[in-house]
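The values are calculated or read from the model by the stated rules, or taken from the named source; none is laboratory data. Remember, it's a predicted structure, so these values are computed and weren't measured experimentally. All Cβ positions, even for glycine, are placed from backbone atoms using ideal geometry, and neighbour counts span all protein chains on display. Ligands, DNA and RNA are stripped out before the accessible areas are found, and what is left, the full protein with its side chains, is counted by its heavy atoms. Shrake-Rupley method; radii C 1.70, N 1.55, O 1.52, S 1.80 Å.
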Amino acid sequence: MSNQHWRERDLAALWHPCSQMKDHEWLPMIPIRRGRGVWLEDYDGHRYLDAISSWWVNLFGHANEHVAARIAEQARELEHVILAGFSHAPAIELAERLTQLAPPGLERVFYADSGSAAVEIALKMSFHYWLNQGQAEKTRFVCLSGSYHGETLGALAVGDVGLYRDTYKPLLLQPLVVPSPDCFEREPGQSWAEFSVERFRDMEKLLAERHSEIAAVIVEPLVQCAGGMRMYHPVYLERLRQACDRYGVHLIADEIAVGFGRTGTLFACEQAGIRPDFMCLSKGLTGGFLPLSAVLTRESIYQAFYHDYEQLKAFMHSHSYTGNALCCTAALATLDLFEASDVLADNRLKSKRMRERVAELEDHPNVHEIRQHGMILAMEMGRSDGQPYPWEERRGIRVYRYGLEHETLLRPLGNVVYFMPPYVINDEEIDQLARVAIEGIHQATRD
Ligand SMILES: *Cc1c(COP(=O)(O)O)cnc(C)c1O
C-alpha cells in the first residue's frame, strides 16, 4: 500500500487537528507506517527526522523498546480500572516518583488525560480552594501575553494566541492579560535578566491592585512554546513566586511542554528555585507513547478539600480514563530511562552542538534571533528591514516543505523555525537537522 492509497482513504474520512484541510489539495499529508528512534518512515519508504518530537511529546525515540515492552506486559495484567474508589500499582508508584522528582512541597498528584484537562483542573482547584477557604470573590486568572495553555474552553481562555483564541472569544472566561517577559521584545543591548525584571513591573502592579479578586497566575515557565518559542529569564519566576506569596495568589506552572528536561533541568521551575502551587505535566510524561497528564499540588491545598462529606467541599472532577494503568506504566518506563543514564548531562552536549551548527545564521539578514533554552532552539525569520514577515506569506510552510523533501520534519510556528528533538538524537542527526534548517531558511527568505 502506497502513500497515495492511504492519503485517499484518509481524505475521505478524517478531519485533522490544527489544519485547514483545503491545504491538502497542494500540501500532501504523510501517512506514516513506522517509527524508530528519531526517524519516521512513510508507506513509500521515505524517512523523516522528527525534529519536533511529534508535537513535543517524544523523549526517547519512537517505538522505544523499553517503554513498548512495559506497556505490553501491563496490558496483559490490567489495562484500566475506575480510579474512584479503586486504585492500582502503576498509578500509586507514578505519584510517588513524581512527587520525589518535583520541586519539594508538591506532595499530591491528580491525574487526567491531556494537557488541556490538567490546566482545567488546576484552574478549578485554585478557584475551589479559595471558595472552600471562604474567599468566594477570587474568581479571576492572570496570564501572560502570547501564552498557550491548551484548547478546551477553560484552557483556551487563559491563553493569548490569537490564531486559536479569537474565534471563540464570546464563549470564554475573561483573564487579566499581562505583557510577557518574552525577551525577543527587549531593546538592543539589554540582557534577558534586565528585560524580564523590567517586565515584572506590570505583573506586580496588577497583583497589588487586584489580588483580592485573583485566584491564580498561570505561566509557561521559561519558554512560551506555542506562542513562538518565546523565552525569558528565570528571574521573572523568582519575582512572581515572591509576589504571589505576598498577595495571597496561587502560581500555576504549566510545564506540559517544558517539563521532563526540555529546558535543561528536569523541570523549568528548578532554574528559578521555586515551587509553584500547581504544576501541570503531560506531553513528555509518557515519553510520547500515550495520553496522560498530572496536576501536582501542595498538601495544604489538598487539606482544604478534606472534610466530612456533608460539607460538600470535595473536588468532584473526573475523566473516564483518569490514571489509566497503561499510561501510568508508560510514564514509569520513561522515568526508568531518565534513571538509566545521565540524560540531562548528555543533553547539554547535544544542545551545545545544535547551537554551534546553526551559528552561520547569526549574520543572516532574515534571521532576527537565534534563541535557546536547553533542548529547545528557535530561529526567528523576518524581513531585512527588521519587520516580521506578514503571516499571509506563510514563510514557515516553505521551510516545512523544504524539510520534507530533505528527510526532515520541521514544523515552524509562523516565522519561527525550531528544534525540539527526541533526546536520542545523535551528532550526525543534529548535523543533518541544522543543514536542512539552514538551507530551508535560505530558500524561504529568498525574494
Ligand atoms: C500542548 C500544551 C498544552 C495542551 O496539552 P494537550 O495535551 O494538547 O491538551 C497546554 N499547555 C502547554 C504549555 C502546551 O504546550
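Some points to look at:
Quick grid of which residues meet (1) open to solvent by less than 20 Å² (accessible area, probe 1.4 Å); (2) closer than 24 Å to Leu173 by Cβ; (3) of a type in the set (Val, Ile, Thr):
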position	(1), (2), (3)
Arg239	no, no, no
Asp277	yes, yes, no
Thr286	yes, no, yes
Val295	yes, yes, yes
Ser300	no, no, no
Phe305	no, yes, no
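- Considering the range 117-154, the residues that are within 10 Å of the ligand (Cβ to nearest atom), in contact (Cβ under 8 Å) with a residue 40 or more places away in the chain and within 25 Å of Gln20 (Cβ to Cβ) include one that is most open to solvent (accessible area, probe 1.4 Å), namely Tyr148.
- Residue among Gly284, Gly259 that is under 22 Å from Leu59 (Cβ atoms), within 16 Å of the ligand (Cβ to nearest atom), in contact with a Lys or Arg (Cβ under 9 Å, 6 or more places away or on another chain) and part of a helix (DSSP H, G or I): Gly284
- When Ser341 is tested against (1) in contact (Cβ under 8 Å) with a residue 24 or more places away in the chain; (2) within 23 Å of Met420 (Cα to Cα), just one condition goes unmet, and that condition is (1).
- Hits in the range 241-250 - residues which are buried (at least 22 other Cβ atoms within 10 Å of the Cβ) and outside any loop (DSSP other than H, G, I, E, B): Cys244, His250
- Taking the conditions (1) of a type in the set (S, T, N, Q); (2) touching a residue at least 40 places away in the same chain (Cβ under 8 Å); (3) more than 30 Å from Pro390 (Cβ to Cβ) in turn, Asn366 satisfies each one other than (3).
- Any hit, the range 381-394, residues being of a type in the set (Ser, Thr, Tyr) and in contact with a Lys or Arg (Cβ under 8 Å, 6 or more places away or on another chain): yes
- The one condition in (1) crowded, with 20+ Cβ neighbours inside 10 Å; (2) within 16 Å of the ligand (Cβ to nearest atom) that Trp55 fails to fulfil: (1)
- Answer from Ala226, Ala268, Ala253 - the residue that is open to solvent by 10 Å² or more (accessible area, probe 1.4 Å), within 21 Å of Gly146 (Cβ to Cβ), within 11 Å of the ligand (Cβ to nearest atom) and touching a strand residue (DSSP E or B) at 6+ places or on another chain (Cβ under 8 Å): Ala226
- Qualifying residue in the range 190-213 (condition: within 16 Å of the ligand (Cβ to nearest atom), open to solvent by less than 10 Å² (accessible area, probe 1.4 Å) and at pLDDT 95 or above): no
- From the options Ile301, Ile274, Ile218, residue that is within 16 Å of the ligand (Cβ to nearest atom), among the β-branched types (Val, Ile, Thr) and at pLDDT 95 or above: Ile218
- Residues (open to solvent by less than 60 Å² (accessible area, probe 1.4 Å) and closer than 21 Å to Arg36 by Cβ) located in the range 396-423: Gly403, Leu404, Thr408, Leu409, Leu410, Phe419, Met420, Pro421, Pro422, Tyr423
- Of the residues making up the range 69-102, those that are open to solvent by 60 Å² or more (accessible area, probe 1.4 Å), assigned to a helix (DSSP H, G or I) and aliphatic (A, V, I, L, M) are Ile92, Leu101.
- Scan of the range 16-41 for residues that are touching a Lys or Arg at 6+ places or on another chain (Cβ under 9 Å), outside any loop (DSSP other than H, G, I, E, B) and over 16 Å from Ser53 (Cα atoms), ordered by number: His24
- A count restricted to the range 155-172 and to residues that are more than 16 Å from the ligand (Cβ to nearest atom) and either of a type in the set (A, V, I, L, M, F, W, C) or open to solvent by 50 Å² or more (accessible area, probe 1.4 Å) (or both) stands at 5.
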